[in-house]
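Below is one structure; the comments refer to it alone.
The values are calculated or read from the model by the stated rules, or taken from the named source; none is laboratory data. Bear in mind the structure is a predicted one, so any value in this text is a computation, not a measurement. Virtual Cβ from ideal backbone geometry, glycine too; neighbours counted across all protein chains shown.
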Amino acid sequence: MAAVTVRLPDGSTKEFDERVTAFQLAESIGPRLAKAAVAATVDGVEVDLGARLPDGAEVTVVTSDSEAGRNVLRHSTAHVLAQAVLRLWPGAHFAIGPVIEDGFYYDFELPGGAHFSDDDLERIEATMREIMAEDQPFVRHEHTIDEGLALFEGQPFKREIIEAVGAGQDEVDAAADGASAASVSTYWNSPAFSDLCRGPHVPATGRLGHFALMRVAGAYWRGDDKRQQLQRIYGTAWESDKALAGHLHRLEEAERRDHRRLGAELDLFSFPEEIGSGLAVFHPRGGTIRRLMEEYSRQRHVAAGYEFVNTPHITKAELFETSGHLDWFAEGMFPPMELDGGHQYYLKPMNCPFHILIFKSRQRSYRELPIRHFEFGTVYRYELSGVVHGLTRVRGMTQDDAHIFCSRQQMAAELHSTMTFVLSLLRDFGLDDFFLELSTRPEDKAVGSVEDWDEATEALRTAALAMDLELVLDEGGGAFYGPKISVQARDAIGRTHQMSTIQLDFQLPQRFDMEYIGADNARHRPIMIHRALFGSVERFFAILLEHYAGALPTWLSPEQVRVLGVRDDHEEYAHKVADRLSAVGARVSVEPADEPLGARIRRAKLLKVPYILVVGDDDVAAGTVGVNRRGSELPVRGVEVVAFTDQLEREIAERRLPESAP
RNA sequence: GCCUGGGUAGCUCAGUCGGUAGAGCAACGCACUCGUAAUGCGUAGGUCAGGAGUUCGAUUCUCCUCCCAGGCUCCA
């Protein structure tokens, strides 16, 4: 047999006397690599370790500690999950079991309409460990469509996937499940179990084991809410117990930062049941933070040439008929109220039509453009009960909403300055890791000419590219009336959040017959840009809270300094210090000495107050304070009041951010 | 809206195989006057989410509604 040469990622080559498997290649390179190997790529295609390598192939060994390798582990673990469920519930149907971020899931339908309970997860996990102990091989087979259908007799979901392929439909989706136009592939583990799958898989189930089942949930078959609901089990799998523990720890960390938990602990906001789902009230501390966010935003908007407007919360139905909202957004709106002899009034879900009416209140000249109307506009949306979530998905929210009306010639410059403005504002709040997403024309529900869409999309793209940030394309993700750019921010623990949106709109100006008089004395239609930088104040609040784990920068903290006297006869001095700080605009409180100092310090720490000042005999005598700064190990004694006041004043004025994320 | 799991004191939770409930923290009172993350003792606090049904009797079983969590679908 002819010698075989394969090329490795570092550019080197290796020769063999015969066609070796990917695993043999790994072994020939080193035992550690062979041990870590879970799959390989040959000329860019992922294959099993057992695959024989063709001559001249470019081969990469995929190891379990890479993202690709973990995905192989997760996919294989998902198969074991399915096998365990079929072992425990004979006659169960299994649907799909893909890899997702940090884990996997598998969808099932249990016989007799049974459902998984939390206790079942433990049983399933135990059975999975048995299967792993059995070290069953993953053996790949290719089948024709008919063979596949026969093999999955009694498994309607598998057959549906295969049938879709046979009918020449849905090829792309089906390929992911192990089917291509000509054939389907399966992985055989034991006489009792094989699964439709594209692979690759680890060589045997003994290779797995660092996994956990997380939860059960319902999920629609094929994600379609018209179709039946299946039982989904979520799990996670990693290359080692250490990596698994790390993941579980990250989940705990995220839970610790959960804004709903922090909102209660820090006494910021609540959702009284008496008011209704998704409707928040902000307590004094939360209200202070909101006020500070809004005040700073207002200040920046004034400087950026926005004008402030105010509009009501309800309106006659006709306004939303004109805007088109009742055609395409009605299900997102609260039902109408009937008033004034049959007139229907709606709570507003968006502010745009109101701002348009302000534009239209008199004739406009090109000399006025661009006109930028800004409002903290409170809107109400009837979110389905299952989607309401903390402050991030609510039924009543306040948008930092503005609409820019400009000429086509001004559009590019406006987009550019808006983008610059957005990023600058977000950075001032301490978010600095961004990428942009460009959402283009939705195929099925777009209105307006393709030329308009193209022009608008290009204008957005140009503005986005000028920001020198990563730009991701969201094909077909735009609203029906225009394309949009959204700013995505990564927070302190690496999660991404959609923040600002900048949306171009040719439609509403037309629907409302907006116009201005140009230099040519003719009527022209303005372009409209919708933009919200926080998105909603509530949501931005939640993101900031989680980003800082509740320890907001001093300038945003509801209570910046708490002064504690060591004994109650230090209280007079404590108040003197507090007055000095209040005089420079700081938010300060003094707590009486009715508890031991340690307990009072603990309370202040739990509230994440940036500065705790302790004053005792020495301080009264010397005019100093003891400074216990949030995040620092040791307090600093004997700081001159003037020196502390000066540095605090500077820190607030500069809106300084915490030195390191907490 | 759909699926699963929940709702017991202000918070975190225990408990009742159907006989109306308990802890820790918090609150309140008294004592303690203290130098950097929990002082001690005491008191009060619950239509066991709400409603209906079954039952001699329901916080417990059944049904409905509301609210919450995690998903699905949707979305700022």
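Name the single residue, out of those in region A:299-334 being part of a helix (DSSP H, G or I) and free of Cβ contacts under 8 Å to residues at least 24 places away in the same chain, that is surrounded by the most Cβ atoms within 10 Å (Cβ to Cβ). Looking at the filtered set, the residue picked out is A:Leu326.
For region A:532-641, the strands (runs of 3 or more DSSP E) that sit wholly inside it and include 1 or more residues that are under 39 Å from the mean Cα position of the chain (by Cα) are A:561-565, A:588-591, A:611-615, A:624-629. The residues of region A:604-615 that are more than 8 Å from RNA strand B (Cβ to nearest atom) and without any contact (Cβ under 8 Å) to a residue 60 or more places away in the chain, listed by number, are A:Ala604, A:Val609, A:Pro610, A:Tyr611. Just give me the residues in region A:255-283 being aliphatic (A, V, I, L, M), in contact with a Gly (Cβ under 6 Å, 6 or more places away or on another chain) and more than 9 Å from RNA strand B (Cβ to nearest atom), in sequence order. A:Leu262, A:Leu266, A:Leu268 - these are the residues of region A:255-283 that are aliphatic (A, V, I, L, M), in contact with a Gly (Cβ under 6 Å, 6 or more places away or on another chain) and more than 9 Å from RNA strand B (Cβ to nearest atom). The residues in region A:86-106 that are closer than 20 Å to A:Gly199 by Cα and within 15 Å of RNA strand B (Cβ to nearest atom) can be counted, and the count is 12.
Assessment of region A:581-591 against the conditions (crowded, with 17+ Cβ neighbours inside 10 Å and within 13 Å of RNA strand B (Cβ to nearest atom)) yields at least one matching residue.
Going through (1) in contact (Cβ under 8 Å) with a residue 24 or more places away in the chain; (2) under 30 Å from A:Arg261 (Cα atoms); (3) away from RNA strand B (no atom under 15 Å from the Cβ) one by one, A:Leu426 falls short only on (3).
Can you find even one residue in region A:509-521 that is acidic (Asp, Glu), within 15 Å of RNA strand B (Cβ to nearest atom) and in contact (Cβ under 8 Å) with a residue 12 or more places away in the chain? No: zero hits.
Just to verify a result, which residue in region A:234-254, among those that are within 10 Å of RNA strand B (Cβ to nearest atom) and in contact (Cβ under 8 Å) with a residue 12 or more places away in the chain, is farthest from A:Ser76 (Cα to Cα)? Checked region A:234-254; the qualifying residue farthest from A:Ser76 (Cα to Cα) is A:Ala254. Is at least one residue of region A:214-233 more than 16 Å from RNA strand B (Cβ to nearest atom), at pLDDT 85 or above and within 30 Å of A:His547 (Cα to Cα)? Among the residues of region A:214-233, not one is more than 16 Å from RNA strand B (Cβ to nearest atom), at pLDDT 85 or above and within 30 Å of A:His547 (Cα to Cα), which makes the answer no. For region A:1-23, does any single residue satisfy the condition of being over 22 Å from A:Thr186 (Cβ atoms) and of a type in the set (Phe, Trp, Tyr)? Yes. Scanning region A:630-641 for residues that are exposed (fewer than 15 other Cβ atoms within 10 Å of the Cβ) and touching a residue at least 24 places away in the same chain (Cβ under 8 Å) gives a single hit, A:Gly631. For region A:483-504, the condition of being away from RNA strand B (no atom under 13 Å from the Cβ), touching a residue at least 24 places away in the same chain (Cβ under 8 Å) and closer than 19 Å to A:Met419 by Cα holds for at least one residue. Between A:Glu368, A:Glu331, A:Glu375, the distinction of being within 16 Å of RNA strand B (Cβ to nearest atom), among the charged types (D, E, K, R) and closer than 29 Å to A:Glu294 by Cα belongs to A:Glu375 only.
Condition first: surrounded by fewer than 19 Cβ atoms within 10 Å (Cβ to Cβ) and more than 10 Å from RNA strand B (Cβ to nearest atom). Can you find one or more residues in region A:617-627 that meet it? Looking for residues that are surrounded by fewer than 19 Cβ atoms within 10 Å (Cβ to Cβ) and more than 10 Å from RNA strand B (Cβ to nearest atom), one finds at least one in region A:617-627, hence yes. Among the candidates A:Glu67, A:Glu142, A:Glu122, A:Glu109, the residue that is loosely packed, with under 14 Cβ neighbours inside 10 Å and within 16 Å of RNA strand B (Cβ to nearest atom) is uniquely A:Glu122.
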